[in-house]
1. Between ASP444 and ASN32, what length in nm is gained on full extension when 0.36 nm per residue of separation is reduced by their alpha carbon distance?
2. Applying 1/(1 + (r/R0)^6) with R0 = 22 Å to the Cβ-Cβ distance of SER22 and ALA698, what FRET efficiency is obtained, to the nearest 0.05?
3. Throw me the Rg/Rh for segment 626-753, computed over C-alpha atoms with Kirkwood Rh, two decimals.
4. Quick one: Kirkwood hydrodynamic radius for segment 385-532, alpha-carbon pairs, angstrom, one decimal?
5. Have a look at ILE576, PHE674, SER275 and report the one farthest towards the positive end of the charge dipole of the chain, computed about the Cα centre with Cβ charges (Lys/Arg +1, Asp/Glu -1).
6. Largest first, please: the extent of the C-alpha atoms of segment 1-156 along each principal axis, to the nearest Å.
7. To the nearest 0.05, what FRET efficiency results for SER279 and ALA155 with a Förster distance of 41 Å applied to their C-beta separation?
8. Kirkwood-based Rg over Rh for segment 438-517 (C-alpha set), two decimals?
Amino acid sequence: MEKYLPKEIENKWQQKWKNDPSIYAADDLSTNEKKYILDMFPYPSGDGLHIGHVESYTATDIISRYFRMKGFNVLHPQGWDAFGLPAENFAIKTGVHPSETTKKAIANFTKQINSLGFSYDWSREINTSDPGYYKWTQWIFLQLYKNGFAYKKKAKVNWCPSCKTVLANEQVIDGKCERCNSEVIQKDLEQWFFRITDFIENKGETIGLLNGLEKVDWPDSTKAAQRNWIGKSEGTQFGFRIKDSEEAIEVYTTRVDTAFGITYVVVAPEHPVISNLKSKISNFAEVEKYLIEAQNKTELERTELQKEKTGVRLEGVEVINPFTGEAVPLFVADYVLGGYGTGAVMAVPAHDERDYAFAKKYNLAIKEVVSGGDISKQAFTDDGVLINSSDYTGLDSAEARQKMADWLEKENVGKKKVNYRLRDWLVSRQRYWGAPIPIIYCEDCGAVPVPENDLPVVLPTDVDFKPTGESPLVNSKTFHEVNCPSCGKKAKREVDTMDTFVCSSWYYFRYADPKNADEFAASEKINKWLPVDLYVGGAEHTVLHLLYARFFTKALHHLGYLDFDEPFSKLRHQGIILAEDGNKMSKSKGNVVNPDTVVAEVGADVLRMYEMFMGPLEDMKPWSTQGIVGIVRFLEKIWKLQEKISDGQLPENGKNKALIHKTIKKVTDNIESFRYNTAISSLMILVNAFEKEKEIAAGDFEALVAMISPFAPHIAEELWEKLGHQTSVTKAEWPKADAELMKEEEVEMVVQVNGKVRERLMIAPDVTEDEAKETALESEKVKAFTQGKEIKKIIFVPGKLINIVVD
C-alpha cells in the first residue's frame, strides 16, 4: 500500500475544490432547512493568517461540513474587513497606497485559507473597502441620519496623539489606544455620533439591547460584559437648591437611603453652575486654576480609584439638603465627570469610600446614617438599618429608598430615574482609509445628506496620507468639487471618514445578497438566511463589534427593513492559543507558530485536527509539538486501515458494532455542542479498536471516513475515492446511530466481596438484579469468600458491579 503523503493529497483535493466552486455554494433556491455559519471576518494584515484564525475557522468549517452532510442548505461565507489604520499607517511609512497593500494582503490570506481546506462559499466574498460595499455603509448612515439616529455635536472626545484620530470609549483600554497603546488625551471637537443609547431599552416593537440578551444563545460571560458596559442603574434624581438663589443642582444616586448623611455636594469642572455663580464664589481665581488643570486630564486619570482625589471648595456658595433643610458646602472636583449622570454628586462620607477619603483629606463632617459598620475606621457601604434619619430611622435600606423616593416625588423635588453607563457611539475619524461620511455642508442650507442616487461617495486618491490632526481628505481637490444638493450653490463635503466598526456592523447581511446593486440586500434573501445561526470569533469584540452589530440590527428593524432584531442567534468564542512556553505568542519573543510552516511540515489536516484536539474550543491552551506528533500518527493509522478492508461478505458492525454506533452518537452530539476535542477522542478509540481487527467491513470503514471528513477533509476525500465513490464525501449522508446496535452483547460486571474485587463476569447488558446475583453467587471464586458466611446485603449497579457484604 502506498504511503500517506499529505502534501500530495491536499494539493490534489484543494485543486478539485477550486475547479468546482459549487461544491460549497449556498443555494438561494433550495427548500432545505438553512444553516448560516459565520466567522468574524478578518482584517487582511500583511502578517497573514495566524494560529488563532486557524482555530476559529476550523471550528466553523467542521460544523458547516457536518450540516451539509445532514442535508442542510449551508451558507458559510468569507470576506474582508479591509478599511483601517494599519494599512494607512503602512502607506504613510512606505508611500504605497493602502488599496495596494490591502489587495496583496487579501491575496495572501485567500491562499492561506485555501491551503487549510476551509469550505467557504467564495462566490459571496465581500470587501468593505470596495465602493460597491461601502455605498451601502453610506446608505445605512443616511437612514440613521434622516431618522434622527445620527447627529453631529461638539464634545470632549478621546484623542490618540500617535494615530492622530478620535477613538470611541470602547477603543480606549486603561487610558491607552487599543491599537497602538499610546496615552489617550481629551479634545473638544465637532464629531458624528450614532444614538445607540436609544436602543438600550425596548423601542416600539424592537427589543432593546438589554432585554435582547435574554433570547440569544451566547456565553454568559459575554452577556454579562455587555450588561456591565451598558451599566443600567435604578436610582433617584433630585435637586439641591443653592442657598440665597433660585438655581438648583440636580444629583443622581442609587443610595437615596443615605441622604441624611450628606455633608457636602460635588460638581464636575464642566458644570455650568460654576460660571453662573462666578460672582458669588469668593475664591474664583483658585477655582479657575483648578478648572484649567482638570481640562488637561483624561477621564481615566480623573476617575482612577487608587489616585488621591483633589478638589476646591466654592467659597461663598452652599446648597440645601431637601431632606434636612441644612446648608452644606459645594466643591468642584475632577473625579466627577460632566458627561456622566447630572455632572454632580451628593457626598455621604460615612457610606461611600471615595467620599470618605475626600472628607478625611479636607476635614469634612462624617455622619453615620446606616448601622452596621465602624466609620471611625472606614466607610460602611452595605445596606443596613437607618439611624439618625428622622422619620426613616429603623427602616431597612431597601424600604427607605422606596419611601424617600416617594416623598421626593410627592414634594415635587425629585423622581425615580434609570441611568446608563453607555454613551452614544462616536463614529467619525480624522483618517483617510475609511468610508467617507455622506454629508455636504452648504453656507445657506447647513448639513445636507448626499442624495441616495449619488452614492457611493468615493474615497479620493489625490491625497497625502500623512495624518495632521484633521482628515487627509481636507487636501483633496477633486473631493470638494461639489454643489449643494438642496440649493445648487458651491459646497464642501464632510472630510471625516467612518469608524471601521461601522463597516463591520452590517456585513453579515451583505453575504445574503452580495451582488445586489439596488439595495443592501433583498428582503427575501435576508428573510431566507438571517439571522446568523452560529457566529464564532474572539471575546475581545464583546463591547465593540458585537454591541455595534446588535445596534445596527435593532435600528434597521425599527426602521422596517428587518423582521428580526438580534443578528446572531448563537455565539461562541475561541480561546487563545499560547506558545509552547505558556506565554502569549509575539514576534519579539520569537515564539510565534506560523500556520504555513506547520502545513508545510505535517499537512493541513493535522493542523486542523490538532487545534481542535488541544482542549475545549473556548479555553486558553498552549501549543505542543509532542501533541501534534500524536495527530500525525493518528491519521497515519487511519490511512493504514485500508489494508484491513474486507474483500468478502464480512458482516458490517461485527465485533465492534456497539462501539461503532456509540461513536457515531458521540461524535454527532459533540460536533453539535462544539466539544470537538472529545469527538476526536471518540474517533481515536474506534480507530484503535479497528487496528486490533484482522478485517474491517467496508461499510464500517465508510462510517469512520465520513465522521473524520469534517475534521480532516483532504484525507477523507482521498479515502472516500479509494472506496469507489464518484462524488465528494461532503455529498455523503452523515452516519446514523442505531440505538439497538449500540447495545453491547456482553458487558463486564465486577463482583466484590466486602468491597474487594473477587471476580469479573461477562453478562448481558440488560441483565436483571436477580439474574446478576444468581450468576455472581454461583462463581467458584466468589464462593470461596462467601461459603458458610451470612450475606447481610448485596449492592447492585446495573451492568457494572455487584458488591456482596458478608459477616
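The values are calculated or read from the model by the stated rules, or taken from the named source; none is laboratory data. All of these numbers come straight from a predicted model, not from anything done at the bench. Positions of Cβ are generated from backbone atoms using ideal geometry, with glycine treated the same way; all protein chains shown enter the neighbour counts. Just so you know, the surface numbers come from the protein's heavy atoms only, side chains and all, with ligands and any DNA or RNA stripped out. Shrake-Rupley method; radii C 1.70, N 1.55, O 1.52, S 1.80 Å.
1. Computed gain between ASP444 and ASN32 is 142.7 nm.
2. Rounded to the nearest 0.05, the efficiency is 0.15.
3. Reported Rg/Rh (Cα atoms, Kirkwood Rh): 0.98.
4. 20.5 Å
5. Ranked along the dipole, the leading option is SER275.
6. Reported extents, whole Å, longest axis first: 74, 46, 27.
7. With R0 = 41 Å, the Cβ-Cβ based efficiency is 0.90.
8. The Rg/Rh ratio comes out at 1.02.
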